[in-house]
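One structure is given below, encoded as structure tokens.
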Amino acid sequence: MPEITLPDGSRKVFEKPVTIQEIAQSIGTGLAKATIAGKVNDVLFDATLPINHDAKVVIITSRDKEGIEIIRHSFAHLIGHAVKQLYPNIKMAIGPVIEEGFYYDIFSEYRFTPEDLIKIEERINKLIKTNYDVKILQVSKKEATKTFQERDETFKLRIIEDIPDEGLINLYKHEEYIDMCRGPHVPNTRHLRHFKLLKLSGSYWRGKSENESLQRIYGTAWAKEKELNDYLTRIEEAEKRDHRKLGKKHSLFYISEESPGMIFWQPNGWTIYQVLMKYIREILKKNDYQEIRTPQAVDKSLWEKSGHWEKFRDDMFTTSSESRTYAIKPMNCPCHVQVFNQGLKSYKDLPLRLAEFGSCHRNEPSGALHGLMRVRNFTQDDAHIFCTEEQIQDEVSTFIDLVFEVYKTFGFDEIIIKLSTRPEKRVGSDDIWDKSEKALTEALNNKDLKWELQPGEGAFYGPKIEFSLRDCLNRIWQCGTIQVDFSMPIRLDATYVDLNNEKRNPVMLHRAILGSFERFIGILIEQYEAKFPIWLAPTQIILLSITDRNIEKCKEFNQFLNIKGYRSKVDIRNEKVGYKIREATIGRIPLIAVIGDKEEEVDSVSLRALDGTNLGISNLPNLYKLIDELIEKKGRIE
């Protein structure tokens, strides 16, 4: 007679083993119809499995986050059901849930096309309208093996090989289709309504290029039609803002097959890069950082000593000279310790803040490369703070303020903070990790900030705080970080002389605000849709001549503007001024200045903003003042 305790504290006693579906029915028919699954003693549980012991039970519906994830996972299995009906000879690999959607990897000699995607979606719709029950079978490893041998599902058999012999395996039966999953899944396809298959892509079995090539079908699913439509609108907007398309359209950067994952910056893009670097450099100077520069290639012995060689050697580019092996640096930290180690340091020198716009290389898989967002060569706004243990709190607190200040400059007001703690594979004693994690926890709590714990997600040398941005399309981008590291200074013999004239190891704080310039610029391109605020815009103002008589005045004003340091250019082509205005607007130039005979008479320009706002007639002194005010605001609307 299981006694079930519900979230409100109420208890229900049942005479025999009871399912979550039956518990919901005992509360009300409406809840029973909405029930997708449940939690039994905080563990996700299928709605139709019996509970034969006393337990705390939470009923899950599509209103819950877990409910949406279960719906998406169930849709992944529906892909399998539909695809096997349409293409019986294919083999199913894996079909997990991802953020806001799901995918299924499939092995097939036949290459799927967008037209096939439409057929598969139609078949899924036909299947879900039958409202069939999804049945769960709990079987032994031997029975599961037999099931998938009979179905010739070689990838499922490989997965089963890695499962321990003891315990049961969940098989989910969709009419004639059977799949394997940890679960839970919806009890009936009536819970599966609002979905869309999105795209096709390639993948490899278990993510390794030496394995079989697979085809991946992506989809999304939601509890309500409006949520689905809103998501599809966001996808459409994201497509329009894709930094790769905008980068090409506005001549910002390009990527060549001769150098995959490495960026060729064009003049417009390099201007943004330089303005961004100048801004960060000013921030660093204001906060007492000293800028340094370290080599690109460093003997592998340093990376072995720091611990990076063991952890990251597969991701490093290497070269050799005179029988020595060098790693092209994938990160800057060991090199910064070398700079710290030059000359005896006193406690009076701490905190010492060393910053570098450090160019790093990582041998990312070609399939993972994605425009500016995932590259092989990137430049970090990297810095390392060498401090005493007593100074950690102040340094972390100051850095948090700095992060919020910088992100606000770019219009990011919602900052998501996560604390990542010790991973399974790490260096350093538990005592060191205890102190490090405590320091970051206290720093966050002292700032009275909302944050989330990520157990096991820290760097191999220390815990870290991660700062993520939410952009205009509600996407999350992890950018900034600060990490406490007691271990590397010890491993690399960094010391200072304390108040008692004894040598001690400093604490090393790894920190970055933007993360990498490449990725952050990619985020900005999509955030602004390449309509950069005037302080970042490659061209800040363009001067348009109405007739040939006005060409010299355009050139004269352009020269004055460039002497003042503004990024100005002219359009003196023999075209109608309306055409030139349209071209300047398409080119995302923030200020458009027109000069005709009327303007020349008063030595002024007719000024308009990118959004078409008429800013009136302005002489040069007033124009300078306006541009300066806009640059000072950095695009912020106060």
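The values are calculated or read from the model by the stated rules, or taken from the named source; none is laboratory data. These numbers come from a predicted model, not from an experiment. Neighbour counts are summed over all protein chains in view; Cβ atoms, including those assigned to glycine, are modelled from backbone coordinates with ideal geometry.
Could you tell me whether residue 320 is farther than 19 Å from residue 462 by Cα and either surrounded by fewer than 17 Cβ atoms within 10 Å (Cβ to Cβ) or not assigned by TED's automatic domain parsing to the domain that holds residue 477 (or both)? Against the criterion (farther than 19 Å from residue 462 by Cα and either surrounded by fewer than 17 Cβ atoms within 10 Å (Cβ to Cβ) or not assigned by TED's automatic domain parsing to the domain that holds residue 477 (or both)), residue 320 qualifies.
Kindly evaluate residue 204 against the criterion of being farther than 30 Å from residue 62 by Cβ, touching a residue at least 24 places away in the same chain (Cβ under 8 Å), surrounded by 15 or more Cβ atoms within 10 Å (Cβ to Cβ) and in contact with a Ser or Thr (Cβ under 7 Å, 6 or more places away or on another chain). Yes, satisfied. Of the numbered criteria (1) touching a residue at least 40 places away in the same chain (Cβ under 8 Å); (2) in contact with a Pro (Cβ under 9 Å, 6 or more places away or on another chain); (3) part of a helix (DSSP H, G or I), the one residue 406 fails is (2). Of all the listed residues (179, 152, 162), the sole one being of a type outside the set (A, V, I, L, M) and without any contact (Cβ under 8 Å) to a residue 40 or more places away in the chain is 162. The residue of the stretch 391-428 that is farthest from residue 633 (Cα to Cα), among those that are charged (D, E, K, R) and surrounded by 15 or more Cβ atoms within 10 Å (Cβ to Cβ), is 426. Within the set of pairs 6+ apart or on separate chains, which have a first residue in the stretch 456-474 that is within 27 Å of residue 312 (Cα to Cα) and free of Cβ contacts under 8 Å to residues at least 60 places away in the same chain, a second that is in a loop (DSSP other than H, G, I, E, B) and of a type in the set (S, T, N, Q), and C-beta atoms under 8 Å apart? As it stands, the answer is 456/421; 457/421; 458/421; 463/421, since those pairs meet every condition given. When residue 118 is tested against (1) modelled with pLDDT of 95 or more; (2) at positive phi; (3) not polar (S, T, N, Q), exactly one condition is not met: (2). Under the condition of being out of contact with any Gly (no Cβ under 8 Å at 6 or more places or on another chain) and at pLDDT below 90, the residues counted in the stretch 472-496 number 4. Could we say that residue 368 is surrounded by 17 or more Cβ atoms within 10 Å (Cβ to Cβ), among the small types (Gly, Ala, Ser) and either on the phi < 0 side of the Ramachandran plot or out of contact with any strand residue (DSSP E or B) (no Cβ under 9 Å at 6 or more places or on another chain) (or both) here? Taking the combined requirement at face value, the residue does not satisfy it. Within the stretch 210-268, being of a type in the set (A, V, I, L, M, F, W, C) and over 14 Å from residue 100 (Cβ atoms) holds for 214, 217, 246, 252, 253, 255, 262, 263, 264, 265.
The stretch 8-109 holds strands (runs of 3 or more DSSP E) entirely within its bounds, and those carrying 1 or more residues that are under 18 Å from residue 121 (Cβ atoms) and touching a residue at least 60 places away in the same chain (Cβ under 8 Å) map to 101-107. Listed by position, the strands (runs of 3 or more DSSP E) inside the stretch 529-638 whose residues that are surrounded by 13 or more Cβ atoms within 10 Å (Cβ to Cβ) and in contact with a Cys (Cβ under 8 Å, 6 or more places away or on another chain) number at least 3 are 541-545. Among the residues of the stretch 208-223, those identified as in contact (Cβ under 8 Å) with a residue 40 or more places away in the chain and out of contact with any Phe, Trp or Tyr (no Cβ under 7 Å at 6 or more places or on another chain) are 209, 223.
Just one of (1) more than 30 Å from residue 531 (Cα to Cα); (2) surrounded by fewer than 16 Cβ atoms within 10 Å (Cβ to Cβ) fails for residue 237. It is (1). Checking the stated criteria, residue 151 turns out not to satisfy the condition of being over 20 Å from residue 229 (Cα atoms) and exposed (fewer than 13 other Cβ atoms within 10 Å of the Cβ).
Results for (1) assigned by TED's automatic domain parsing to the domain that holds residue 352; (2) among the hydroxyl-bearing types (Ser, Thr, Tyr); (3) within 23 Å of the chain's Cα centre (by Cα); (4) loosely packed, with under 15 Cβ neighbours inside 10 Å, shown as yes or no for each residue.
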residue: 256; (1), (2), (3), (4): no, yes, no, yes
residue: 274; (1), (2), (3), (4): yes, no, no, yes
residue: 283; (1), (2), (3), (4): yes, no, no, no
residue: 300; (1), (2), (3), (4): no, no, no, no
residue: 306; (1), (2), (3), (4): no, yes, no, no
